[in-house]
Amino acid sequence: MDLTTHLPDLGAALAAGLLIGTERGWTLRSAAEGARVAGIRTFSLLGLVAGLAGLLAVLDYAVPAALLVAGPVAIV
């Protein structure tokens, strides 16, 4: 199994999280200091976790993938 074939997929998931976090930070830039909850760091981590869960699901590790998704869902 060659994981380098899946690196673009993980990069795309991370890039999507970065873009969403950047847009959210830009939209909420004038909000009060305590009103901004999630930004570029949060969404990039969520995107990376989702990409890793998708990679695990493709590799037939459905239970670890579901647990990996369940963690952030439980926190949110």
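Which of rounded, prolate or oblate describes the range 34-76 when judged by the alpha-carbon gyration tensor and an a/c cut-off of 1.5? Cα axes put the range 34-76 in the oblate bin. The shape of the chain comes out oblate: with a ≥ b ≥ c from the C-alpha gyration tensor, a/c is at least 1.5 while a/b does not beat b/c. Quick one: if the Förster radius is 25 Å, what FRET efficiency do residue 32 and residue 70 give, using the C-beta to C-beta distance and rounding to 0.05? The calculated FRET efficiency here is 0.20. Taking the C-alpha atoms only, the angle from helix 40-58 to the longest principal axis of the chain is near 20 degrees.
Measuring r between the beta carbons of residue 59 and residue 22 and using R0 = 25 Å, the FRET efficiency lands at 0.25.
GNM remark for the chain: springs join alpha carbons under 10 Å apart, and the peak mean-square fluctuation among 34, 21, 47 falls on 34. In the context of the full protein assembly, residue 60 retains an accessible surface of approximately 130 Å², using a probe radius of 1.4 Å and ignoring ligands and nucleic acids. For the chain, the relative contact order works out to 31 percent when only alpha carbon pairs closer than 8 Å and six or more residues apart are counted.
The values are calculated or read from the model by the stated rules, or taken from the named source; none is laboratory data. Keep in mind it's a predicted model, so treat the numbers as computed, not measured. With ideal geometry, Cβ positions are generated from the backbone for all residues, glycine too; neighbour counts draw on all protein chains shown. Only protein heavy atoms, including side chains, enter the accessible area calculation; ligands, DNA and RNA are left aside. Shrake-Rupley method; radii C 1.70, N 1.55, O 1.52, S 1.80 Å.
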